[in-house]
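Written below as structure tokens is the structure these notes are about.
The values are calculated or read from the model by the stated rules, or taken from the named source; none is laboratory data. Small disclaimer: the values here were computed from a predicted structure and weren't measured. Methodologically, a virtual Cβ is constructed for each residue, glycine included, from the backbone with ideal geometry; neighbour enumeration extends over all protein chains shown.
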Ligand SMILES: [Fe+2]
Ligand SMILES: [Fe+2]
């Protein structure tokens, strides 16, 4: 269990709330984030059904559910959306997700879609409360067809969903990536098999090119900081993945993962 302040001034915080224990989400540990300014905050990828109670209890160290002004879903996967019906009960805020996933979310048993806001393909500015001047950025096909990121210009942290996600061995529990070369074995197979194409990567790199980025915060595995930020982006630029590698018969040149 984690509760790490990635950025912390008196008024503004970017917090990694929890990393689920192995076994809870099919053994893939996931990250949930809280961005807050003064007495208001937003939750980024609040997680699957199994982690919801502990994410809530960690969040209560900082905010009451009524102070949550928005919930953000980077994409439609169950390790992100699975706990949402409970979050909708304890909060009253809007939920942001790519517009293309709006029609699928009711299949999670979400009956009332009136609190959902479909984010347009090009992204949008997101100011859920004073001091939270966030930007929602497109990251489509990485890996989801409707993937969106959140950039916080105060902390200079970008939340990237599954981009940068690591499949860490159960006995490795580092909070940060400082040395990218030693981290590469934990991300390479996932990115080659799950990320859709190098073209999608290049589009995303263009999208984020003008941003000052101090940390890359993914939905799984440690947070990139320092030189590892640039090293990761440089590696990604030339990565062949997904349909770049796929061969007839659904084969890939090697078994990734
Ligand atoms: Fe995913
Ligand atoms: Fe994920």
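Data table
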{"item": "Residue that is nearest to the chain's Cα centre (by Cα) [pool: residues in the stretch 133-150 that are part of a loop (DSSP other than H, G, I, E, B) and within 15 Å of ligand 2 (Cβ to nearest atom)]", "result": "147"}
{"item": "Candidate set from the stretch 151-167 (those that are within 16 Å of ligand 1 (Cβ to nearest atom) and part of a loop (DSSP other than H, G, I, E, B)); member that is surrounded by the most Cβ atoms within 10 Å (Cβ to Cβ)", "result": "164"}
{"item": "Residues of the stretch 35-79 classified as more than 28 Å from residue 9 (Cα to Cα) and crowded, with 17+ Cβ neighbours inside 10 Å, total", "result": "7"}
{"item": "Segments classed as strands (runs of 3 or more DSSP E), wholly inside the stretch 51-128, with at least 3 members that are in contact with a helix residue (DSSP H, G or I) (Cβ under 8 Å, 6 or more places away or on another chain), more than 16 Å from ligand 1 (Cβ to nearest atom) and at pLDDT 95 or above", "result": "116-119"}
{"item": "The stretch 144-185, residues that are more than 18 Å from residue 222 (Cα to Cα) and touching a residue at least 60 places away in the same chain (Cβ under 8 Å)", "result": "144, 146, 147, 148, 152, 154"}
{"item": "Output for the stretch 118-142, where each listed residue is closer than 19 Å to residue 100 by Cβ and surrounded by fewer than 14 Cβ atoms within 10 Å (Cβ to Cβ)", "result": "120, 121, 122"}
{"item": "Subset tally (residues that are within 16 Å of ligand 2 (Cβ to nearest atom) and part of a strand (DSSP E or B)) for the stretch 33-50", "result": "3"}
{"item": "Tally of residues being in a loop (DSSP other than H, G, I, E, B), away from ligand 1 (no atom under 16 Å from the Cβ), closer than 15 Å to residue 182 by Cα and in contact with a strand residue (DSSP E or B) (Cβ under 8 Å, 6 or more places away or on another chain) across the stretch 207-239", "result": "1"}
{"item": "Any chance residue 153 is at pLDDT 95 or above, more than 16 Å from ligand 2 (Cβ to nearest atom) and within 18 Å of residue 242 (Cβ to Cβ)", "result": "no"}
{"item": "Neighbours by Cβ (under 8 Å, 6+ apart or cross-chain): first from the stretch 210-226, farther than 18 Å from residue 48 by Cβ; second part of a loop (DSSP other than H, G, I, E, B) and within 16 Å of ligand 2 (Cβ to nearest atom)", "result": "216/163; 216/164; 222/166; 222/168; 224/164"}
